[in-house]
Amino acid sequence: MTHRKTYEATRSEIAARYPDGRTPNGISVDDIVQLRLQNTWSTHLEIARQMATVMRADMAAYDADPTQFTQSLGCWSGFHAQQMIKAVKRMRGTAKGTYVYLSGWMVAGLRNRWGHLPDQSMHEKTAVADLIEEIYTSLRQADEVAMNDLFRALKTARTDAERADIIEQIDTFETHVVPIIADIDAGFGNEHATYLLAKELIKAGACCLQIENQVSDAKQCGHQDGKVTVPREDFIEKLRACRLAFEELGVTDGVIVARTDSLGAGLTQKVPVSRHPGDLASGYIKWLKTEAITPRSPIADGELALYRDGAFVRPVRLPNGLFPFQEGTGRARVIEDCIANLTEGGADLLWIETDTPNVDEIAAMVAEIREVVPTAKLAYNNSPSFNWTLNLRKQVRAQWLEEGRIDEGEYPEGNALMRPEFDDTDLGVEADARLRNFQHDISTRAGVFHNLITLPTYHLTAKSVDELSRGYFGADKMLAYVKTVQREEIRTGISAVRHQHEVGSDLGDTFKEMVSGERALKAGGHANTMNQFAAE
C-alpha cells in the first residue's frame, strides 16, 4: 500500500520548476525528490485517516475469510514498535495485517512521571497521545532510514538496469507505518472529557480507539478484582463521543473498539432510571442483587427501592455505596453489553475481557451476540495476566479425563501441572500445540478479527535485562553480552546491531551532503566502527 507519487512523477514535477537541475541557491532536484519521497506523511492526522482505511479493508477481508485475522503486540516506546515492524517485514516481506497496540496499563506502569503505577487511569491524559506521537515518529524514521539507503544505492548505480531496479524498489516501498489501536481507558472523565481526549489521540495518529465500560474514577485493570461498570446509556454516550471526535477530524473510517468488563465486574456505582420496560436501563437494573422489603426489614428514609415482579424490593448496597449484581450474571450482562454497544453505540469491534483463555467459552458468547448482529467481531486480549501454560494444560487434562483417554491420577491437577517435567509429556505437547493454534482457532471459531498481547514488551524487557544482568555481573562478563545479544543480532539479521545506522547516522550524512556538498563532515567514513557489521 502506498499513497506516494512515483519517483518519475515526483522528479518530473520538481524538474519542471527547476529545469536546470538545481534551485537558485544550488540545491539538487534529486535531493528534493529524495526528501519528498522519504517524508511519507505531512501530519499524523493524515496517518490516522490512511490507517483507518487500512483497518477497514482488513476487516472486510476478515469477513470474507476468517483466517485473515490481524495481530499486534503492545509497545511502550517508539523503538519497541519500530523493531517489531522491522522483524515482521524481515520475516514475511510485508507488515500487512500487523498493528501496534498501545496499552493504558503500560502507559501507567512505564510512561508515567509519577512512578510505576497500577492500571487505574493513574497517569497523565497527555501521556497516551505522547506515546502515539512517539511511535509514529519512530516508524516514520524507519521509513526515512530505509529510503535513504535506496537513494544512496541509486546514486552509485552503474547501469540503467540497476537504476531501474532501485527506482522500482522506491516506488513499491512498503511503509513501516501501521494502524495503532489506542487504549483510552474509561475515557478519563465524562463524555465531554472522553471526546476531548479522543481528539488528541486521533491528532497524534490513532485510527482506532479502545474504550471500556468501567467507571472512570474507579477504573481497574481488567484482570483485577473490584471492577465497577457504568450503565449502558452512559457507555453509549462515550462511544458516541469517540465517533464525533473521528468525524470532526475527518477520520470517517475511524474504528471504535467497545470493551466490556462485565464478565468479571460484579459492581455498579449508579442505578439508572428506567422509564419503560425493555429500555437499556431496565436491562441493566434487572441484574442487580436485591432483598425483600418486609415488616421485619422495612425500607428506611433515604433508601432506594425498585419495583420488580409486582412488588418493591431494595437493591443491596455495600458500605462503600456500590451496588452488587447477582452472582453468576456476568456472562448474560456481557452478551447484552455487546449487542447494545453495536446496535446503539455504533461500535465497530467488541472486546470481551475474560478470566481464562478458553476458545469454546468465547465462541459460545459470540454465537449469541451474532444471533442479533451477524457481523459482530472482536479484538481479543491474549493477556499475560493468564497463566497460559497452566490454563491450556488444565483444559487438555479435563478434556482427556472426560473422554477417558487418561486416568485421574495420571496427571496432577492444579499448579503442579506447571512443573517442567510435564513439558515433553503427551499432555504438555498437546497443550503447546493448542497454544500455537490458539489465535487461528479463536479467529475462525469465535469471530476474533484482531489478536493482541497487551504487555509483551514489558515482560520481554524485564526478562532480557534480567538475563543479561545475571550473566554480565556474574561469571560471564562480556561473554554474556556478546552471546545473548550481539551474536544473536548478527546471525538473525537484526538491523539494530548497526545502532548508529539504525538511529539515522547515514541519514544525517546524506542531509549534510545535500546542504554542504564536499564540505560535509560525515560520520560514516572508514573509521566508523559500524563498518565491522557491514552485510556480507
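Within region 474-518, the proportion of C-alpha pairs whose separation exceeds 11 Å stands at 71%. Taking other residues whose beta carbon is less than 9 angstrom from the beta carbon of A127, and scoring Lys, Arg as +1 and Asp, Glu as -1, yields +1. Look at the dipole of the chain built from charges on Cβ: of A164, T457, A480, the Cα furthest out on the positive end belongs to A164. Reported to the nearest whole Å, the Cα centre-to-centre distance from region 463-520 to region 387-435 is 42. For Q210, the residues 5 or more places off, or on other chains, whose built amide H falls under 5 Å of its own are A182, D183, I184, V257. Each residue, E361 and L435, gets one label point 7 Å from its Cα in the Cβ direction; the gap between the two is 1.9 nm.
Packing, as the average of other Cβ atoms within 10 Å across residues, places the peptides 204-210, 69-75 in the order 204-210, 69-75, highest first.
3J(HN,Hα) along region 294-301, derived from phi through the Karplus expression 6.51 cos²θ - 1.76 cosθ + 1.60 where θ = phi - 60°, amounts to 10, x, 6, 9, x, 6, 9, 4 Hz, with x in place of Gly and Pro. Between H276 and A157, the modelled label-to-label distance comes to 7.0 nm, taking each label 7 Å out from Cα in the direction of the beta carbon.
Distance between the pseudo-spin-label points of R92 and E247 (7 Å out from Cα toward the beta carbon): 3.3 nm.
Summarising the strand pairing of the chain, around 25 percent of its internal DSSP beta bridges are antiparallel. What is the distance in Å between the Cα centres of region 286-348 and region 1-73? Here the two parts' Cα centres lie 53 Å apart. Tell me which label goes with the value of Cα Rg over 2.2 N^0.38 Å computed from the coordinates here: (1) 0.97; (2) 1.15; (3) 1.19. Checked against the structure: label (2).
May I ask for the net charge around T6, where only other residues with Cβ less than 13 Å from the Cβ of T6 are counted and Lys, Arg are +1 while Asp, Glu are -1? Neighbourhood net charge equals 0. Between helix 426-446 and the chain there is an angle of about 90 degrees, using the helix long axis and the longest principal axis of the Cα atoms. The long axis of helix 29-38 is offset from the longest Cα principal axis of the chain by roughly 20 degrees. Applying the criteria of a DSSP loop state and at most 14 other Cβ atoms within 10 Å to the trypsin sites (Lys or Arg not before Pro) of region 324-432 yields R405. Taking Cβ atoms as reference points and 15 Å as the exclusive limit, the residues near G78 contribute a net charge of -3, counting Lys and Arg as +1 and Asp and Glu as -1.
Just so you know, all these numbers are worked out from the coordinates, no wet-lab data involved. Only a predicted model underlies this, so the values are computations on that prediction, with no experimental measurement involved. Every residue, glycine among them, receives a Cβ derived from its backbone with ideal geometry; neighbour counts consider all protein chains shown.
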